[in-house]
1. Go through the residues of segment 119-130 one by one and say whether even a single one is in contact with a helix residue (DSSP H, G or I) (Cβ under 8 Å, 6 or more places away or on another chain) and in contact (Cβ under 8 Å) with a residue 60 or more places away in the chain.
2. Looking at segment 182-197, is at least one residue under 16 Å from the mean Cα position of the chain (by Cα) and open to solvent by 30 Å² or more (accessible area, probe 1.4 Å)?
3. Would you point out the residue of segment 172-205, among those that are touching a Lys or Arg at 6+ places or on another chain (Cβ under 7 Å) and at pLDDT 95 or above, that is farthest from Lys140 (Cα to Cα)?
4. Run Cys107 past the list (1) out of contact with any strand residue (DSSP E or B) (no Cβ under 9 Å at 6 or more places or on another chain); (2) farther than 20 Å from Asn62 by Cβ; (3) not small (Gly, Ala, Ser) and report the number of the one that doesn't hold.
5. All but one of (1) of a type in the set (Val, Ile, Thr); (2) farther than 21 Å from Asn186 by Cβ; (3) modelled with pLDDT of 95 or more hold for Val144; which doesn't?
6. Could you tell me whether any residue of segment 33-40 is within 23 Å of the chain's Cα centre (by Cα), at pLDDT 95 or above, of a type in the set (Phe, Trp, Tyr) and surrounded by 13 or more Cβ atoms within 10 Å (Cβ to Cβ)?
7. Suppose we keep only residues that are touching a Phe, Trp or Tyr at 6+ places or on another chain (Cβ under 6 Å) and in a loop (DSSP other than H, G, I, E, B) within segment 80-105. Which one would you say is surrounded by the most Cβ atoms within 10 Å (Cβ to Cβ)?
8. Let me confirm something: among Lys128, Lys133, Lys156, which residue is modelled with pLDDT under 95, among the basic types (Lys, Arg) and outside any helix (DSSP H, G or I)?
Amino acid sequence: MRKRFKVMLKIIVLLIILLVVALIFWQFKKTNNSVSNYEKIMSINNYDYTLEDRDSKLMKDNFVNLKKVLESNDIDYEKYAEYLSKLFIIDLFTMNNKDNKYDVGSCEYVLPEILDNYKLNVSDTLYKYMEDKNTTKRDKYPIVKDILDYSIESSKYTYNEVEYDAYNVNISWEYESNNDYPTKGNITLINKDNKLFVVAYEGVD
């Protein structure tokens, strides 16, 4: 009888452990699921840039401008840097259309080699307190209303001991409503294999 009791106790403990593990896994999967079924409504030939149906009108207008630049016979790289920087800011700081803290904006524009660090940094800082979109009383998050000003300067940038042609972009923006989020920043882009990538962003007071 005592042996049977011990066996039953072990089974119950094992079931409890399995249940706890399953619940933790389900919660982790739910929290980290940033892949949603948003429709891609526009893309740019020979580039990985896409536009989704959740993107704002400001995002769409600038995406169309970038598409025109990149699909022209002679690419104006300063214009390329301008519109890519604007899209980077609009997508990153328009947080109201993001699913959760792991649904980081502007990943398409970041150098692939630093993308993991970029996403980790954003989810741990700017998006840190973002609630899941399925939360009943989710706060309203920022929406970039307009790009106010920008300036572009050609430069050089060294990454992994390789020097690249680069652009430094100073940019400012405003939101649809007042908040304490950044409104000015500096973006560094490099030209790698005739494609521009964001390699650094720094907020400006």
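The values are calculated or read from the model by the stated rules, or taken from the named source; none is laboratory data. Just so we're clear, the structure is a prediction, and the values are computed from it rather than from any experiment. Note: ideal-geometry Cβ built from the backbone for every residue, glycine included; neighbour counts use all protein chains shown. These accessible areas exclude ligands, DNA and RNA; they are computed on the full protein's heavy atoms, side chains included. Shrake-Rupley method; radii C 1.70, N 1.55, O 1.52, S 1.80 Å.
1. Restricting attention to segment 119-130, the residues satisfying the condition of being in contact with a helix residue (DSSP H, G or I) (Cβ under 8 Å, 6 or more places away or on another chain) are 119, 122, 126.
Retained after the next criterion (residues that are in contact (Cβ under 8 Å) with a residue 60 or more places away in the chain): none.
For segment 119-130, residues in contact with a helix residue (DSSP H, G or I) (Cβ under 8 Å, 6 or more places away or on another chain) and in contact (Cβ under 8 Å) with a residue 60 or more places away in the chain: absent.
2. Within segment 182-197 (the criterion being under 16 Å from the mean Cα position of the chain (by Cα) and open to solvent by 30 Å² or more (accessible area, probe 1.4 Å)), the answer is yes, since at least one residue qualifies.
3. Step by step, filter segment 172-205, then rank; the result is Ser172.
4. Condition (2) is where Cys107 drops out.
5. Val144 satisfies every listed condition except (2).
6. no
7. Met95
8. Details: Lys128 fails: modelled with pLDDT under 95; Lys156 fails: modelled with pLDDT under 95.
The conditions single out Lys133.
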